[in-house]
Amino acid sequence: MKRSLLLIGLVVALNAPAFADSETANQGTTAVSFATAGNPMTVVLDARQASRGLMFAHLAIPVRPGPLTLVYPKWIPGEHGPTGPLHVLASLHMSAAGHALQWRRDDVDLYAFHVDVPAGTSSLNVDFDVLMNAEGDTMATKNVAIVNWNRNVMYQANTRSDEVFAKPSIILPEDWSYGTALPNPSASGGRVDFGEVTLETLIDSPLDMGRFSKRIARWSSGDATAETDIFADNPQDLHIPPKLAQAYANAVTEALALYGARHWQHYHALLTLSDAIGFQGIEHHQSSDDRGPDDFLTNPMKQLGSGDLLSHEFSHSWNGKYRRPYDLQQLNFQIPERTDLLWVYEGMNQYLGDLLSFRAGIRDPKKYPEYLAHIYAAMDQEPGRQDEPLIDTTTAAPWLYSSGGQYSSLRRTAGDFYTEGELIWLDADTIIRERTGGKRSLDDFLHAFAGPPNTMPKVVTYDRAQVEQLLGDTAPYDWHGFFTRYVYQVSEHPPTDDLARAGWKLVYNGTPNEFDKARTSARHTTDHWYSLGIRLTADGTVRDVKRGSAAWTAGMSPGMKIVAIDHQAYDADYLESAIKDSTHSKSPVSLLVEQDKWFGTYSLNYHGGLQFPHLERIKGTPDMLAAIMAPHRPK
Ligand SMILES: [Zn+2]
């Protein structure tokens, strides 16, 4: 939006109705909220026992006498699915004026609870226990806890979440501190009362807390600030190297340069460092819920592999929260989201989060070609792409995010629209640069898409046509045909000309790719995907087999455990040397495997040696990747 005149016309157009017809628009929001500005519901979260995995929610909800339905949030923004965790809700108790009321769960919508409100009642007490931890969903450890308010509230059914008002409070464990973007905190003893907010803002404002914490101011200008609030299981993990802290500060100025404006006032990157909680990132307007392992800040390999975590979520404040697909944005948390446009929301953001991490110096910009080789090869050699277009992965995202199971390379995964999205948006960037003789880039599109003027958090929706229109304004091109080819139709390969346009080509050789290595070492896995066609866990158990590869042809399958290689006990290093030696050998690689209680021998007729992807410069061409990844922030 360097072209601010365009913006004035655009805002009107972009605020076009989010719904196809008025019937759909009203669906699910037919009720008027009794919790209003000035008479909000109160939410007191007693978190004093968080370290044993328990919190206690005490709500007082304005009501009217008669039948009432309360709902527990189901569709969670940023998680892109019906992931509201019903398993955390226990010991639900409703009462009015000291009298217990019998509630009943709806027998079709399990997120809805019915109760009859007695005459003369204006406020309903709703109390429940919040069970913080489940398998694969750890929200609290001895020293750290994450509060996602959607887990701790119920609200009047069929209301709009921007018309339900709430006044949240938290009672902290002794000696713990907290971080959140919630406004106007007022602390007394261990209790913190926040200002009144809409339900939409409450659920958009997670709170991290912990025994060991560190606040790092990253940026300020006038009365606007950006900071990182870190909470660690172990105090020694808070010692961020000064150079890395500077790079994280740079990421703020890089993002401001990328977009040209901001749509937040006080931004809090909330970061937990805990192996028990694990890896996750969820975006919000003025904060992000970032979860890294213990050594996320102190182990350079972790930064190399996942150094885009904070910048990815930060970029979402513009792309995802401020600018949002028209059919993803919903009026309350029970209405299903449609996720087809995640190829913009997440796909473009994967490119931008990576780009910011390299431009800021969180990762070395010289390593971007190696990173690209890593993701290009992964997408290019995924068998499922031969039948399934990328749009199917975004449309199915609410289910794909949580799908486990074998042969994920045949089914494709939710990760694909991130990874392939990055390649598609890199291609778009190189097309803009080439067609404008280097005068414009995707940065110019982003200024128009999510840039000036600065605003407070708000949502401006878009559709596919508007994205293509804005790209066309940045650089004329058949953008509709471009996305049809790479997103909406089966595409045999990811964009094939972006690397060449940028002055690089993909090659395979026996040297491991640095990013493959960072990923496999973080996950304790071994991959020989581009040679034998298998992915393994540390103990030699097969995670996936690539269709058409030597391992596939030999009949191997996920779940098999390699016991011996050419009659020698399994060892990751020995497998590597067997693959290396395959070039000189006429005999196949022989694997003894255990499958359940059965043993079998599989002969892999492979003679290509180790194969790992890299990018190589095309001589005599300009290096566009260096220009893209160079710092853009004002010196
Ligand atoms: Zn994202």
Positions within the range 424-447 being within 26 Å of Thr621 (Cα to Cα) and within 16 Å of the ligand (Cβ to nearest atom), in sequence order:
Ile424, Trp425
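Conditions tested, residue by residue: (1) more than 30 Å from Asp429 (Cα to Cα); (2) touching a Gly at 6+ places or on another chain (Cβ under 9 Å); (3) of a type outside the set (A, V, I, L, M, F, W, C); (4) modelled with pLDDT under 95.
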{"site": "Asp573", "(1), (2), (3), (4)": "yes, no, yes, yes"}
{"site": "Leu592", "(1), (2), (3), (4)": "yes, yes, no, no"}
{"site": "Asp596", "(1), (2), (3), (4)": "yes, yes, yes, yes"}
{"site": "Tyr602", "(1), (2), (3), (4)": "yes, yes, yes, no"}
{"site": "Asn605", "(1), (2), (3), (4)": "yes, no, yes, no"}
{"site": "Ile618", "(1), (2), (3), (4)": "no, yes, no, no"}
{"site": "Ala627", "(1), (2), (3), (4)": "no, yes, no, yes"}
{"site": "Arg633", "(1), (2), (3), (4)": "no, no, yes, yes"}
Regarding the range 369-379, can at least one residue be identified that is among the acidic types (Asp, Glu) and either outside the structural domain of Leu341 (by TED's automatic domain parsing) or within 30 Å of Lys546 (Cα to Cα) (or both)?
yes
Pairs with Cβ under 7 Å, 6+ apart, first in the range 170-196 and of a type in the set (Val, Ile, Thr), second part of a loop (DSSP other than H, G, I, E, B) and crowded, with 16+ Cβ neighbours inside 10 Å:
Ile170/Ala47; Ile171/Ala47; Ile171/Arg48; Thr180/Ser205; Thr180/Pro206; Val192/Leu172
Of the residues that sit in the range 101-157 and are of a type in the set (Asp, Glu) and under 24 Å from the mean Cα position of the chain (by Cα), which one is nearest to Thr198 (Cα to Cα)?
Asp137
Can you name the number of the only condition in (1) part of a helix (DSSP H, G or I); (2) charged (D, E, K, R); (3) farther than 26 Å from Ala414 by Cα that Lys505 fails?
(1)
The conditions are (1) over 26 Å from Gly78 (Cα atoms); (2) within 16 Å of the ligand (Cβ to nearest atom), and Thr394 fails exactly one of them. Which is it?
(1)
Need at least 2 residues that are out of contact with any Lys or Arg (no Cβ under 8 Å at 6 or more places or on another chain) and of a type in the set (S, T, N, Q) per element, so show me which helices (runs of 4 or more DSSP H) inside the range 407-470 make the cut, counting only ones lying wholly within it.
none
When (1) within 15 Å of the ligand (Cβ to nearest atom); (2) surrounded by 19 or more Cβ atoms within 10 Å (Cβ to Cβ) are applied to Tyr401, the one that fails is (2)
Failed criterion for Glu370 (all others in (1) acidic (Asp, Glu); (2) touching a strand residue (DSSP E or B) at 6+ places or on another chain (Cβ under 8 Å); (3) surrounded by 20 or more Cβ atoms within 10 Å (Cβ to Cβ) hold)
(3)
Name the single residue, out of those in the range 21-55 being among the hydrophobic types (A, V, I, L, M, F, W, C) and within 28 Å of the chain's Cα centre (by Cα), that is modelled with the lowest pLDDT.
Ala25
Matching entry among Tyr530, Tyr486 (being outside any strand (DSSP E or B) and outside the structural domain of Phe449 (by TED's automatic domain parsing)):
Tyr530
Can you tell me how many residues within the range 244-254 are surrounded by fewer than 24 Cβ atoms within 10 Å (Cβ to Cβ) and either among the aliphatic types (A, V, I, L, M) or without any contact (Cβ under 8 Å) to a residue 60 or more places away in the chain (or both)?
4
Take Gly559 and decide whether it is in a strand (DSSP E or B) and either under 17 Å from Val545 (Cα atoms) or modelled with pLDDT under 95 (or both).
no
Here the residues within the range 104-135 that are without any contact (Cβ under 8 Å) to a residue 24 or more places away in the chain and hydrophobic (A, V, I, L, M, F, W, C) are Val108
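Can you pull out the residues in the range 90-116 that are assigned to a loop (DSSP other than H, G, I, E, B) and closer than 20 Å to Pro336 by Cβ?
Those that are assigned to a loop (DSSP other than H, G, I, E, B) and closer than 20 Å to Pro336 by Cβ: Asp106, Asp107, Val108, Asp109, Leu110, Tyr111.
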Residues of the range 375-397 satisfying the condition of being within 18 Å of Trp425 (Cα to Cα) and surrounded by fewer than 18 Cβ atoms within 10 Å (Cβ to Cβ)
Asp380
If a residue must be outside any helix (DSSP H, G or I), away from the ligand (no atom under 16 Å from the Cβ) and closer than 21 Å to Ser311 by Cα, how many such residues does the range 322-361 contain?
1
Applying the selection to the range 180-196, what residues are part of a strand (DSSP E or B) and buried (at least 22 other Cβ atoms within 10 Å of the Cβ)?
Thr180
Can you spot a residue in the range 443-466 that is on the phi > 0 side of the Ramachandran plot, in contact (Cβ under 8 Å) with a residue 40 or more places away in the chain, surrounded by fewer than 17 Cβ atoms within 10 Å (Cβ to Cβ) and more than 25 Å from the chain's Cα centre (by Cα)?
no
What are the residue pairs meeting all of these: first residue in the range 309-322, first residue under 11 Å from Leu256 (Cα atoms), second residue more than 8 Å from the ligand (Cβ to nearest atom) and hydroxyl-bearing (Ser, Thr, Tyr), Cβ atoms under 7 Å, and 6 or more apart or on different chains?
Phe314/Ser288; Trp318/Tyr259
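Among the residues of the range 205-223, is any part of a loop (DSSP other than H, G, I, E, B) and crowded, with 21+ Cβ neighbours inside 10 Å?
Yes, some residue in the range 205-223 is part of a loop (DSSP other than H, G, I, E, B) and crowded, with 21+ Cβ neighbours inside 10 Å.
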Look through the range 543-573, keep the residues that are among the β-branched types (Val, Ile, Thr) and under 23 Å from Asn509 (Cα atoms), and return whichever of them is farthest from the chain's Cα centre (by Cα).
Ile565
Pairs with Cβ under 7 Å, 6+ apart, first in the range 407-426 and at negative phi and assigned by TED's automatic domain parsing to the domain that holds Ala373, second modelled with pLDDT of 95 or more and aromatic (Phe, Trp, Tyr):
Phe417/Trp343; Gly421/Trp343; Gly421/Tyr351; Glu422/Tyr351; Leu423/Tyr376; Ile424/Tyr486; Trp425/Tyr351; Leu426/Tyr351
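The values are calculated or read from the model by the stated rules, or taken from the named source; none is laboratory data. None of the values given here were measured: they were computed from a predicted structure. All Cβ positions, even for glycine, are placed from backbone atoms using ideal geometry, and neighbour counts span all protein chains on display.
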